[in-house]
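Everything on this sheet refers to the single structure shown next.
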Amino acid sequence: MAAEIQPQPLIRKPILLQRVEGSQEVVNMAVIVPKEEGVISVSEDRTVRVWLKRDSGQYWPSIYHAMPSPCSCMSFNPETRRLSIGLDNGTISEFILSEDYNKMTPVKNYQAHQSRVTMVLFVLELEWVLSTGQDKQFAWHCSESGQRLGGYRTSAVASGLQFDVETRRVFIGDHSGQVTILKLEQENCTLLTSFRGHTGGVTALCWDPVQRVLFSGSSDHSVIMWDIGGRKGTAIELQGHNDKVQALSYAQHTRQLISCGGDGGIVVWNMDVERQETPEWLDSDSCQKCDQPFFWNFKQMWDSKKIGLRQHHCRKCGKAVCGKCSSKRSSIPLMGFEFEVRVCDSCHEAITDEERAPTATFHDSKHSIVHVHFDATRGWLLTSGTDKVIKLWDMTPVVS
C-alpha cells in the first residue's frame, strides 16, 4: 500500500531575477530605472554604468563613464533623469541622462566637501542638492545656480541622510549613533533636536512621510522606528540581523519595512501591527525575583553569607535578575525580538503562543549587502554586495 504523500507547505521567498556582474570594485550604490528594465550603478572602480536588458536576457552597459575619482554615492531623479554622483575627492557631479538611457550629458560640478562624499540627495521640489561628507559637514546647494546655500557640522561622519519636503526637515545619522534633525530655510538651518538609541553607529536611515516615522539601522545589528510625527517620543526596536544593518527601504502601500545587512539577510518586517516599546533596564543591587545579591553588593553578601551572582535583565519586563531566575528564552516579536532572548521565568510563563507569532520573514541574499533600492511599482528589490555583484529580486511573494 502506497504511503500517503503530505502536501508541502508553500514557502514564500524572494525570486532572484538577475545577476548583474562586471564591476571591478564594490558597487557603492545602484538604482532600478523606473519603467525600464535597467539599472544605474556607481562603483569604487570610478565608473558610472547604465545597464539595460538586451534581447539575450542579460544586462549590458549602454553607458560606461569613467569619473576622476571613486564614486561613493548617487541620487537619481526619474522625472528629470538627473543623476547626482558623490565622489571620493569631495566633488558632486551632475549629469542628465537621455530618454533612451544611452547618453549622459554633464551639467555641473559642486565642490561640496573637503573629503569623500558619504550621501547625496537631489530635492526636485526645492531645486536643492543635499550632501554629507567625511569632513563631518552637511551642506546644501542650489541646483540651478550651483551656489552653496549653507552647512552644518555634525558630531561624527554622517552615514544616513533623509529629507521631508513638507516640513523641510533633514535627518542625519552619524557614526557616533546620533540622529540629528535640522529645519532648512533658503540660506540657513535650525537645529531642532538630536537623539540616540543605538549602541553602535547609524548606518542607514529611511523616512516614511505618510506615517511620519523614521527608521534607523545600525552597526549594533538593530533597527529602531522613531515616531517623529506622533510627538510621543516612542522608539520601537527591531532585532533581526546577525551583523550590521546596511540598508533600509519602506514599502508604504503594504506598510512593510525591508532591512538588509552584512550577514546577507533580507528581513521583511510587518509594520502594520501594534508594536511595543522595549522596557528600560532597571538597576538593582540584588535579583528582583529572589533577592540574591549581585557580585558587587558586598554588604548583602557578607550579611547573608552568600556568593554574589551575575546580573542579567529580562527583555520583556526590564527587571534585573539572576541567571537562575532567567533560565528561559523566548522570542517576543511585538517587542521586535524575532530571535529568542533572555526573559525571567514569570514573563516566560505569561507570554502566549499568539505573542510568539513572527512579525517578520527572513531571506538569504547569499552576499554581504552594502546597498538596496526598492521599486515599489514592480515590487523589485536591488541588492549590491561586497562581492561586486548586483542582484535583482522579485519581492512580490513576500511584500504584499
Scan of segment 355-370 for residues that are under 15 Å from the mean Cα position of the chain (by Cα) and not aliphatic (A, V, I, L, M), ordered by number: S368
Selection count, segment 381-397, where residues are crowded, with 21+ Cβ neighbours inside 10 Å and under 14 Å from I266 (Cα atoms): 9
Checklist (1) closer than 22 Å to C206 by Cβ; (2) open to solvent by 40 Å² or more (accessible area, probe 1.4 Å) applied to Q147, failing item: (1)
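For (1) open to solvent by 10 Å² or more (accessible area, probe 1.4 Å); (2) under 23 Å from V341 (Cβ atoms), each residue gets a yes or a no:
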{"site": "S219", "(1), (2)": "yes, yes"}
{"site": "S249", "(1), (2)": "yes, no"}
{"site": "P279", "(1), (2)": "yes, yes"}
{"site": "F294", "(1), (2)": "no, yes"}
{"site": "F298", "(1), (2)": "yes, no"}
{"site": "S327", "(1), (2)": "yes, yes"}
First in segment 350-378 and within 23 Å of S330 (Cβ to Cβ), second anywhere and among the hydroxyl-bearing types (S, T, Y) and at pLDDT 95 or above, Cβ under 9 Å, 6 or more apart: A360/S259
Candidate set: segment 157-174, residues that are among the hydrophobic types (A, V, I, L, M, F, W, C) and surrounded by 15 or more Cβ atoms within 10 Å (Cβ to Cβ); chosen: the one farthest from T190 (Cα to Cα): V157
Among (1) buried (at least 19 other Cβ atoms within 10 Å of the Cβ); (2) at pLDDT 90 or above; (3) among the β-branched types (V, I, T), the one test that I236 misses: (2)
Complete set of residues in segment 122-156 that are more than 22 Å from P106 (Cβ to Cβ), over 25 Å from the mean Cα position of the chain (by Cα) and among the acidic types (D, E): none
Check on L121, touching a Cys at 6+ places or on another chain (Cβ under 8 Å) and buried (at least 18 other Cβ atoms within 10 Å of the Cβ): no
Which listed residue is outside any loop (DSSP other than H, G, I, E, B), over 24 Å from T234 (Cα atoms) and touching a Ser or Thr at 6+ places or on another chain (Cβ under 7 Å), from V399, V370: V370
Qualifying residue in segment 319-342 (condition: touching a strand residue (DSSP E or B) at 6+ places or on another chain (Cβ under 8 Å), among the small types (G, A, S), modelled with pLDDT under 85 and closer than 27 Å to A376 by Cα): yes
Index of the failed condition, K289 passing every other in (1) touching a residue at least 40 places away in the same chain (Cβ under 8 Å); (2) of a type in the set (D, E, K, R); (3) within 30 Å of K13 (Cβ to Cβ); (4) not assigned by the TED database to the domain that holds T254: (3)
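Here is a yes/no grid of residues against (1) in a loop (DSSP other than H, G, I, E, B); (2) in contact with a strand residue (DSSP E or B) (Cβ under 8 Å, 6 or more places away or on another chain); (3) farther than 18 Å from Q162 by Cβ:
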residue: L130; (1), (2), (3): no, yes, no
residue: D135; (1), (2), (3): yes, no, yes
residue: W140; (1), (2), (3): no, yes, no
residue: G146; (1), (2), (3): yes, yes, yes
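Give segment 352-368 a look and list any residue that's modelled with pLDDT under 90, of a type in the set (A, V, I, L, M, F, W, C) and open to solvent by 60 Å² or more (accessible area, probe 1.4 Å), or say none. So that I can check it myself, show each step before the final result.
Initially, segment 352-368 is screened for residues modelled with pLDDT under 90, giving 352-359.
Now restrict to residues that are of a type in the set (A, V, I, L, M, F, W, C): 357.
Scanning segment 352-368 gives no hits.
Could you say which residue among D55, D88 is open to solvent by 50 Å² or more (accessible area, probe 1.4 Å) and modelled with pLDDT of 95 or more?
D88
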Flag for V223 being buried (at least 19 other Cβ atoms within 10 Å of the Cβ) and under 27 Å from Q239 (Cβ atoms): yes
Segment 187-217, subset over 15 Å from R275 (Cβ atoms) and among the aromatic types (F, W, Y), residue least open to solvent (accessible area, probe 1.4 Å): W207
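The values are calculated or read from the model by the stated rules, or taken from the named source; none is laboratory data. Remember, predicted model here, so these are calculated numbers, not experimental data. Every residue, glycine among them, receives a Cβ derived from its backbone with ideal geometry; neighbour counts consider all protein chains shown. Accessible surface is based on the protein model in full, side chains and every heavy atom, while ligands, DNA and RNA are left aside. Shrake-Rupley method; radii C 1.70, N 1.55, O 1.52, S 1.80 Å.
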